[in-house]
Structures are given as C-alpha cells and as structure tokens.
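To start, the structure under review is shown below, and the notes come after it.
The values are calculated or read from the model by the stated rules, or taken from the named source; none is laboratory data. Just so you know, these numbers come straight off a predicted model, no measurement behind them. Neighbour counts are summed over all protein chains in view; Cβ atoms, including those assigned to glycine, are modelled from backbone coordinates with ideal geometry. Surface accessibility is based on the protein's heavy atoms, side chains included, excluding ligands, DNA and RNA. Shrake-Rupley method; radii C 1.70, N 1.55, O 1.52, S 1.80 Å.
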Amino acid sequence: MSEERFLPPRAGKGVLSRARVNAILESAKERGGQWIYMGAPGGFGKSLAVSQWLAPQRNKHAWITLDPYDNNEGRFVRKFLGGLAFAQRANRRLARAVDRVRPPFLEYLFDALDLLLPNEKKYVLVLDDLHHLRDGAVLRALPLLRKRLPAGFTVCLLSRDEPSDVFLDAILKDDMTVLDARDLAFDEEELRRLLSRNGLSASQVPDLLRRTAGWPIAVRALLMGRETPEEAEKKREMSPDE
C-alpha cells in the first residue's frame, strides 16, 4: 500500500485559517484518548479545516479516505492498520502486520494494536468520508476500537451524516468531541477577514450572512461574483458617457 495514500490533502496557499475550529481540534487532542466527530453536508470545508490543522504537525498522523467498498472488514482493516503504520513510521513490526492481514479480520486488527510502539507521543488518524460505512460490523467495531487504542491517538471522523447511535455512549460520557455545520460555518469575524482579503468592504458581512448562513462553499461562490471597489471604478471609467 503506497504511503502517499495516507498524506493529508493540501490546503493550498491563501486559504483562510480557521483559528476557532483549530482550537477545538487541538483541545480534543490535548485531552488524550478523545475522538472527534465532524459531521456536516458537503461544502462546509471539513477536510480543508482538518488538513489546515494538521499541516504544522508535519508527521505522526495519517489520512485514511474511505469509499463505499471499505464497508468490508478486510479492506477496512488493511487501510486502518496501514494508517497506523504510516503514523508510527518507525514501527516495522506493525508495517509487516499490514501485509499479513487475514480473517477473522477484526480480531486480527485488535491483536495488531498490541504492536503499537509505547511512547508519550501524540498521533492523529483521520477517517474521511465516514458516511460510506453503513450499519455493519465495521461501524459497530469503532467504539471498541476507541477503547482499545492508546490515549496518545486522536481519531478524527469526517462525515456528511450526524453521528451514528454507535457513538452515543462516547458522546454522553464526553469522550467524543462533536462538531457540526454550525461550528464550521464562517462567523462574522471570519467573513470580515475574507472580505478584506478580497478587497471588499466589511459592510457586506450582514448580507453575506443572510444569504449564506456562513456556509463556506456558498460564501466563496458569492465572493467570486462580487466586484471590488477598484473593479467598479474601472468599469465606470470605461463606460460611455450618458
């Protein structure tokens, strides 16, 4: 399995830093053993926000992108163990275990957790597109996995759906941090920064909020169609005299 598959997507330059979201993610990581569930429709910037947060950390993390075929014990275990081995790159025993995955798959996964290097380091695993895991053995195994993983591992679950009932116990016990569309929507301060960056007046913030409710993809779409004062002045200069 190519190691490049576990690299986070690049946020790119010029993207607005989500300091408010970063603070929530960092707080969960510092608590130790805390899982994070980020559930919101497409276009709310879940992957972008998490990749921005991970960027300064350089290593000790793995990005696992799920697809509909991963609602399968064998495929999921290979990907998950591959992500663990990528995060702990010095763990040769775990890397070899990835190549030897065999049924019963979930039992193999839990046994392989004993191969993790015992240390004080903090790691982050991201399971992107978790909504592809529908009701089944893989989804039901995640709460057990949360209890078995060392406290140094933070697992961030990105989904278009609300948390499944399998996470209810962890949420009620405050062992899982949950973010939804309201947390990911741009607030007034972020919109002011976006407008300023695009050469637009902060006076447009109320209208942007009214029309988009801070939904990032909708905000960006509207901003693309708005003229800066300089562009408006240039149009006036080029228009024929009345």
With region 125-230 as the region, which helices (runs of 4 or more DSSP H) entirely inside it contain at least 2 residues that are open to solvent by less than 10 Å² (accessible area, probe 1.4 Å)? 137-148, 188-197, 205-212, 216-224
If I filter region 174-186 for residues that are hydrophobic (A, V, I, L, M, F, W, C) and at pLDDT below 90, do I get at least one hit? no
Going through (1) open to solvent by 20 Å² or more (accessible area, probe 1.4 Å); (2) more than 30 Å from Leu222 (Cβ to Cβ); (3) touching a residue at least 60 places away in the same chain (Cβ under 8 Å) one by one, Asp99 fails only at (3)
Would you point out the residue of region 45-61, among those that are assigned to a loop (DSSP other than H, G, I, E, B) and of a type in the set (Lys, Arg), that is surrounded by the most Cβ atoms within 10 Å (Cβ to Cβ)? Lys60
Just the residues that are open to solvent by 10 Å² or more (accessible area, probe 1.4 Å) and hydrophobic (A, V, I, L, M, F, W, C), please, taken from region 62-85. Ala85
Report yes if some residue within region 69-87 is assigned to a helix (DSSP H, G or I), within 23 Å of Asp183 (Cβ to Cβ), of a type in the set (A, V, I, L, M, F, W, C) and out of contact with any helix residue (DSSP H, G or I) (no Cβ under 6 Å at 6 or more places or on another chain); otherwise report no. no
Being under 30 Å from Ala97 (Cα atoms) and charged (D, E, K, R), is that true of even one residue in region 33-47? no
Does Glu26 meet the test of being of a type outside the set (Lys, Arg), surrounded by 15 or more Cβ atoms within 10 Å (Cβ to Cβ) and out of contact with any strand residue (DSSP E or B) (no Cβ under 7 Å at 6 or more places or on another chain)? no
Condition met for Arg93 (in a loop (DSSP other than H, G, I, E, B), basic (Lys, Arg), open to solvent by 30 Å² or more (accessible area, probe 1.4 Å) and out of contact with any strand residue (DSSP E or B) (no Cβ under 6 Å at 6 or more places or on another chain)): no
Pairs with Cβ under 7 Å, 6+ apart, first in region 210-232 and hydrophobic (A, V, I, L, M, F, W, C), second modelled with pLDDT under 85: Leu223/Asn198
How many of the residues in region 104-124 are open to solvent by 70 Å² or more (accessible area, probe 1.4 Å) and in a helix (DSSP H, G or I)? 3
